[in-house]
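Input: a single structure, listed below in structure tokens.
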Amino acid sequence: MFGSGIELSQILTVTFTLFAIIDILGSIPLLLTLKTKMGDISSAQATLVSGSLMLLFFFVGEEMLNIMGLDIHSFAIAGSIVIFILALEMVLGMEIFRADKDAKAGNVVPIAFPIIAGSGTLTTIMSLKAVYSGYNILIAILINLVIVYVILRSLTLIERLLGQSGILVVRKFFGVILLAIAIKIFRNNVGI
């Protein structure tokens, strides 16, 4: 699992891979939508929960799914359905996801999972173990969690910079992209 030592090239490759999969920048419109519904998003809680999920899946992900009688593909399909529903909200302007009365719960679902540590992220972490040193993967996870935390902390500033009309345009655009991502995840994992 931990193979060779720390290598900068591996850290960079894994960091960029996870950054692309987590897609925290692309999730900003969705996070702003959720922020409007829930009030403030706890950056620390969302980052800690998603980080814990990533580490849990790094160490025992496949075994955990096997114990529950699940496979990676079923897990990915479930995550894609949640993402699909959230994307429909963004595109159609309708409310399907209702904010929990306990705003702290919203930091876990849907923010920590599936937006940050979704099925794609968790499956990618498990598959990276076959190619890269465990130390390098752990460092890359940490780097990405720092980026996630900074973005979550900056949501109010980002909201001010974009303005209401900018947020609406970006939300609709990324909603369509999120729909396509959800369909791709679903299609790649159904019937396998």
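The values are calculated or read from the model by the stated rules, or taken from the named source; none is laboratory data. Small disclaimer: the values here were computed from a predicted structure and weren't measured. So basically every Cβ, Gly included, is an ideal-geometry build from the backbone, and we count neighbours across all protein chains shown.
For this structure, a couple of remarks:
- Residue match in segment 1-14 (condition: polar (S, T, N, Q) and part of a loop (DSSP other than H, G, I, E, B)): yes
- Inter-residue pairs, beta-carbon under 6 Å, first closer than 20 Å to residue 2 by Cα and in segment 44-68, second of a type in the set (Gly, Ala, Ser), 6+ apart: 53/117; 54/117
- Residue, modelled with the lowest pLDDT, within segment 21-64, restricted to residues that are outside any helix (DSSP H, G or I) and closer than 19 Å to residue 125 by Cα: 23
- Residue list for segment 151-179, restricted to those being within 10 Å of residue 90 (Cβ to Cβ), surrounded by fewer than 17 Cβ atoms within 10 Å (Cβ to Cβ) and of a type outside the set (A, V, I, L, M): 172, 173
- Just one of (1) touching a helix residue (DSSP H, G or I) at 6+ places or on another chain (Cβ under 7 Å); (2) crowded, with 16+ Cβ neighbours inside 10 Å; (3) within 23 Å of residue 156 (Cβ to Cβ) fails for residue 39. It is (2).
- Exactly one residue out of 130, 182, 140 is in a loop (DSSP other than H, G, I, E, B) and either surrounded by 15 or more Cβ atoms within 10 Å (Cβ to Cβ) or without any contact (Cβ under 8 Å) to a residue 12 or more places away in the chain (or both): that is 130.
- Evaluation of residue 105 against the conditions (1) under 14 Å from the mean Cα position of the chain (by Cα); (2) modelled with pLDDT under 85 shows that the sole unmet condition is (1).
- The selection criterion, being closer than 24 Å to residue 153 by Cα, in contact with a helix residue (DSSP H, G or I) (Cβ under 6 Å, 6 or more places away or on another chain) and surrounded by fewer than 15 Cβ atoms within 10 Å (Cβ to Cβ), does not hold for residue 51.
- Complete set of residues in segment 25-36 that are in contact (Cβ under 8 Å) with a residue 60 or more places away in the chain and either buried (at least 19 other Cβ atoms within 10 Å of the Cβ) or over 14 Å from the mean Cα position of the chain (by Cα) (or both): 27, 28, 29, 30, 31, 32, 33, 34, 35
- Residue tally, condition in contact with a Phe, Trp or Tyr (Cβ under 9 Å, 6 or more places away or on another chain) and farther than 19 Å from residue 27 by Cβ, over segment 137-173: 2
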